[in-house]
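Visitor: Pasting in a structure now, in structure tokens, and then I'll have a few things to ask.
Values quoted throughout were computed directly from the atomic coordinates according to the rules given, and no laboratory measurement underlies them. If you're wondering where the values come from, they're calculated on a predicted model, not measured in any experiment. Positions of Cβ are backbone-derived with ideal geometry, glycine not excepted, and every protein chain shown enters the neighbour counts.
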Amino acid sequence: MKKLILMASFFSFFGLFSKAQQFNEMIGLQRYAKANSELAPPAKGENRVVFIGNSITDGWPGQRPDFFKSNNYIGRGIGGQTSPQLLSRFRRDVIDLKPVAVVINIGTNDIALNTGPYDPDFTLGNIKSMAELAKANGIKVILSSVLPVYEYPWRKEVKEVPLKIAELNAGIKEYASSNGFAYIDYYAVMHDENRGLISSYGSDGVHPNAEGYAVMEKAAKAVIDQVLCDN
């Protein structure tokens with residue numbers, strides 16, 4: 001009997017260990033490990049800005065590389081990620097790169113249930129934690145709205161998506177205003193009459209195409225330039 005209990009304990013521990021390893025992989029710590037190690041420390045007076053987020057941020061440099069290269073912006077997006085995953089890699093992919101400012105864009109995959117049930121307070125809390133970490137390390141905080149979505153193609157059972165996005169955006173905006181952080185309102189310039197993504201700005205109702213990113217760039221650069229000017 002004792003032997004069976006020991007074996008059960010071993011397999012239980014092994015199962016937990018495997019899940020822990022899987023979680024580390026889901027965080028994506030290795031995705032930018034090489035790029036981060038090859039990135040030289042910022043030169044004196046260099047205005048380095050890191051964009052961190054999910055697939056929307058991940059796809060941006062590939063579709064609009066000049067926007068990042070010409071402005072000294074660094075993309076650190078990973079497709080599918082949610083706010084706790086972003087928070088878990090925030091030190092490696094933002095703080096350790098010593099940027100002047102960080103643009104944080106996250107939340108849509110939380111609503112899409114990518115890593116579990118959606119808890120708006122938990123999601124907003126993770127965004128607040130990233131902002132506080134950045135501020136504590138002398139990094140200017142730029143928060144941004146979740147992009148409009150009417151329905152998630154991979155998660156059609158999620159109801160009232162536009163309402164959930166609007167409520168999360170209101171929370172992000174209010175937090176930014178209350179704490180003196182900059183805020184980029186992508187939502188305001190990208191939604192249609194149904195509060196979804198304007199059709200010409202993307203093919204699946206979630207992810208921007210080049211035209212959509214061009215609209216985002218105008219909104220983002222205006223805010224970033226003001227933040228850098230005030231630096």
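Visitor: So between Asp192 and Lys218, what do we pick up on full extension, going 0.36 nm a residue minus the alpha carbon distance? Don't skip to the answer; put the middle values down first.
Guide: Details: separation 26, 0.36 × 26 = 9.36 nm, distance 1.82 nm.
Gain in length upon complete extension: 7.5 nm.
Visitor: Mind listing P(r) for segment 40-230? All alpha-carbon pairs, 10 Å bins, whole percents.
Guide: 9, 40, 38, 11, 1, 0
Visitor: If you don't mind, there's one more thing I want to ask. For segment 177-231, state which GluC sites (Glu not before Pro) are in a DSSP loop and have at most 11 other beta carbons lying within 10 Å of their beta carbon.
Guide: Details: sites: Glu193, Glu211, Glu217; in loops: Glu193.
Loop-located and lightly packed - Glu193.
Visitor: Given the rule -39500 (n - 2.57) for each run of at least 4 DSSP H residues, summed and divided by the residues of the chain, what is its mean residue ellipticity at 222 nm, to the nearest 500 deg cm²/dmol? Could you put the intermediate results ahead of the total?
Guide: On the way: 11 runs with 124 residues, N = 231.
Roughly -16500 deg cm²/dmol at 222 nm, from the helical runs in the chain.
Visitor: Here's something else I'd like to know. What's the exposure ranking of Leu39, Leu133, Leu143, going from fewest to most Cβ atoms within 10 Å? Don't skip to the answer; put the middle values down first.
Guide: Numbers: Leu39 14, Leu133 17, Leu143 26.
If I rank by nearby Cβ atoms, fewest first, I get Leu39, Leu133, Leu143.
Visitor: Let me ask you something else. Length gain on complete extension for the stretch Val158 to Ser203, per 0.36 nm per residue less the alpha carbon to alpha carbon distance? Numbers along the way, then the final one.
Guide: Working: separation 45, 0.36 × 45 = 16.20 nm, distance 1.95 nm.
So the extension gain works out to 14.2 nm.
Visitor: In whole angstrom, note down how far apart the Cα centers of segment 189-231 and segment 119-185 are.
Guide: Comparing the Cα centres of segment 189-231 and segment 119-185, I get a distance of 15 Å.
Visitor: Additional query: Given Cα positions, please report Rg to Rh for segment 166-231, the hydrodynamic radius being the Kirkwood one.
Guide: Rounded to two decimals, Rg over Rh is 1.02.
Visitor: List Arg31, Arg76 from most exposed to least, where exposure is judged by having the fewest other Cβ atoms within 10 Å.
Guide: Values: Arg31 18, Arg76 26.
In increasing order of surrounding Cβ atoms, one gets Arg31, Arg76.
Visitor: Could you go through segment 117-129 in sequence order and give the Karplus-derived ³J(HN,Hα) for each residue, using 6.51 cos²θ - 1.76 cosθ + 1.60 with θ = phi - 60°, rounded to whole Hz, and x for Gly and Pro?
Guide: x, 7, 10, x, 5, 5, 4, 5, x, 5, 5, 4, 4
Visitor: Treat the count of other C-beta atoms within 10 Å as a stand-in for reagent exposure and order Trp60, Trp154 from fewest to most. Show your work: numbers first, answer last.
Guide: Values: Trp60 25, Trp154 11.
Listing Trp60, Trp154 from fewest to most nearby Cβ atoms yields Trp154, Trp60.
Visitor: Tell me the angle of helix 2-27 to the major Cα principal axis of the chain, expressed in degrees between 0 and 90 and rounded to the nearest ten.
Guide: Result, in degrees: 10.
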